[in-house]
Every structure is written in structure tokens, then in C-alpha cells.
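The values are calculated or read from the model by the stated rules, or taken from the named source; none is laboratory data. Being a predicted model, the structure only gives us computed values, none of them experimental. All Cβ positions, glycine included, derive from the backbone under ideal geometry; neighbour counts span all protein chains shown. Ligands, DNA and RNA are excluded from the accessible area calculation, which covers all protein heavy atoms including side chains. Shrake-Rupley method; radii C 1.70, N 1.55, O 1.52, S 1.80 Å.
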Amino acid sequence: MALGSLDPVTTARVVLILALLAGALFFTFVSMVGVIRLPDVYARAHTASQADTLGAGFGLAAVALTLGWQGASVKTAILLFFIFVTNPTAAHAVARAAFEDGNVPWTEGDERR
Amino acid sequence: MSDTPGAGSDVDDAAAGSGDASDAPDVSDRPPIEPTYSGHDDRPHLSQIQRQQTPYTESQVIMSTVKVVAPFALTFGLFVTFHGADSPGGGFQGGAIAAAVVLMIAFAFGIDATREWFTNVVVVGLAVGGVLVFGGIGLVGLVDGGTFLEYARLPIPHPVKYGMEGVEILGIAPIVAGVLVGLFFLLAAGFDDRDGAGTETEIADATTDDATTEDDR
């Protein structure tokens, strides 16, 4: 499907969808690198929660824009709302459990682990 | 284990605390350590070791979120279950989501409290009841002279549709939910590996003993 054959509104919409998807992929990739490379559980929990906030946010926005005005878009918005509610809580639970277990945060100068 | 207040720097305390935690100490044998005040000013400051001794308090953040999310998650589980016969979804997925709600409540409000609320009778009842319903619906066709699970022979209106729904909703979903919750409770009780593999009675003892450190986390 060539972009030139579409009307301007549809073209703008497709471009916006692609931009949102690119943003979702970028933030998810950054978060993935962080989960692999950051030194301790607290830093990893923080970057893992960013993947959902920005990555899933942009991704679901792209989905909603693709679907247009229909019932499924409302479900997408509800899904985004629950991700925004539960994701920080999950990160909080992980960090709290690690601290409760006596996990010492990594500080500058410590060895990488 | 140093009981003296203010001994060592914070870093030493923290390091000792983490090493202590990995050794899995039996807290119940030790006398409780009174919270002491240490640090360079008069502000109360619990060292890492002392903080490990304090009983675990449930997180206000997690409890509030679970209170809000749990009804929606259970509704979603039922939604997925009821859609099983003619669209994506089904008893397996819906039962797993319903079991995840119980796990979520256990993480937020404590596993022992959840075990008292969602008793073993309910867990076993869900699994066994599901098996009985599944077998019962299946055997109706067999008794009527047909084959196992032949929905068309059920004595109800729209037998194929409602027979399949009955197997999904009343059969598979409770089985999956009950088995998953039961496995979670078993894992949470921990395994006594001091003298070989844990037996049934040891696991049962561990579930009733709420003084162990494992259950507090």
C-alpha cells in the first residue's frame, strides 16, 4: 500500500502510528538493555517499569489509533489504565521484597554484579 | 550477631545483614532484639540487622492497588471463561486468571491470612467439583447410549452449546483455578529439606507454623 495513493488525513494517521510504534520499540529496547546491564535489583526494577510506562503506553496508543473509534479502542484505553496502575505497584513490590530480604543497594565504586 | 547498639558503621551492618539473610537463620530460637537508637544524632535509626528482626508489615501501596484491581481481574477471568466456547478464551485461561487473583491477594495481604480465608476445603472442592461436573456431563452421553462427551444427548435446550459451556465454565475453569491455587499454597509452605524430602505431614506442619521467617516474606 503506497502512502501516496491515500488521502492526507490517512497519510498523517499512518505516519503518526509508525512514529508511536517507533517510540514504543525504542523505550522497550532501552528498558531491555537496562534490565540486562544495570547492577542491582533496584535499578533493574526501575528500568523494567519504564518499559511498561512508555513502551506499552506508546504501543497501545498506536493500537488505539489504528483501530479508530470503536469498542476495541475503549478496551485499549482501559488496558493502558490498568497497566499504569499495576506496573508501579509491581516495581514497588519487587523493590520492597528485595529490601525486606536484606538486599544492599549497589553504590558507585562497588564491583559490578 | 551483634546485639550492641551502634556497633560498626552502617555499611558493616548492611553487609552483615545481607550475609545473615542468605544463611536463612532460625529467628524463633533467638531472643528478640529490642529496637535501639544509633547513629550520629538522636534520630531513631534502625540498622539493617534490627530491621530484619521487626515483623513484616504489609505494604499499604500493594494492598490498596490489589483492593482496586482484584474485582476487575476476577471479572476479566470470568469474561475469558464465559467466552470459551465460541471465541478466544476458555476455561484454562479464565481459571488461570481467577487463580492469579488469589495469588495477588496472597502477596498483598499475607499468604497465611489468605490460606485461612481460602481454605484447603475450598481449593480441593474446586478441583474435585470440576472433575465431577466434567465427568458427569461426559457420562450423560455414554449412559444415553452414545459416546463420551456427546453433547447432543444432553436433556437441555441447545444441548451442544450449553453442554460445551458447562464443561468449560463449571468443569475446566474450577479445576485449573483450584489446582493452581493449591500448588501455590504448597510452594509457599516451603519444603523441609533438612532430612531428605519433605513429607505430607511436614508440609502440613509448616503451613500451621506462622513463626517461620519464610512465611513472613
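Descriptive notes on the structure:
- Taken as a whole, the condition of being within 13 Å of chain B (Cβ to nearest Cβ) and small (Gly, Ala, Ser) applies to A:Ala97.
- Note on segment B:73-104: residues that are under 19 Å from A:Phe84 (Cβ atoms) and surrounded by fewer than 16 Cβ atoms within 10 Å (Cβ to Cβ) total 1.
- Picking from residues in segment B:141-150 that are part of a helix (DSSP H, G or I) and open to solvent by 50 Å² or more (accessible area, probe 1.4 Å), the one that is farthest from B:Ala173 (Cα to Cα) is B:Val143.
- B:Ala70 being open to solvent by less than 20 Å² (accessible area, probe 1.4 Å), under 25 Å from A:Lys75 (Cβ atoms), touching a helix residue (DSSP H, G or I) at 6+ places or on another chain (Cβ under 8 Å) and among the aliphatic types (A, V, I, L, M): yes
- Only residues that are open to solvent by 10 Å² or more (accessible area, probe 1.4 Å) and in a helix (DSSP H, G or I) were counted across segment B:105-117, and they come to 9.
- The lone criterion from (1) at pLDDT below 85; (2) in a helix (DSSP H, G or I) left unmet by A:Phe27 is number (1).
- Selection of segment A:60-113 for residues being in a helix (DSSP H, G or I), within 19 Å of A:Leu38 (Cα to Cα) and either out of contact with any helix residue (DSSP H, G or I) (no Cβ under 9 Å at 6 or more places or on another chain) or open to solvent by 40 Å² or more (accessible area, probe 1.4 Å) (or both) yields A:Pro88, A:Ala90, A:His92, A:Val94, A:Arg96, A:Ala97, A:Phe99.
- Number of positions in segment A:32-64 that are closer than 17 Å to A:Ala90 by Cβ and under 8 Å from the mean Cα position of the chain (by Cα): 9
- For segment A:30-59, the set of residues classified as not in a helix (DSSP H, G or I) and not acidic (Asp, Glu) consists of A:Leu38, A:Pro39, listed by residue number.
- Flag for B:Val102 being within 14 Å of chain A (Cβ to nearest Cβ) and either of a type outside the set (D, E, K, R) or outside any helix (DSSP H, G or I) (or both): no
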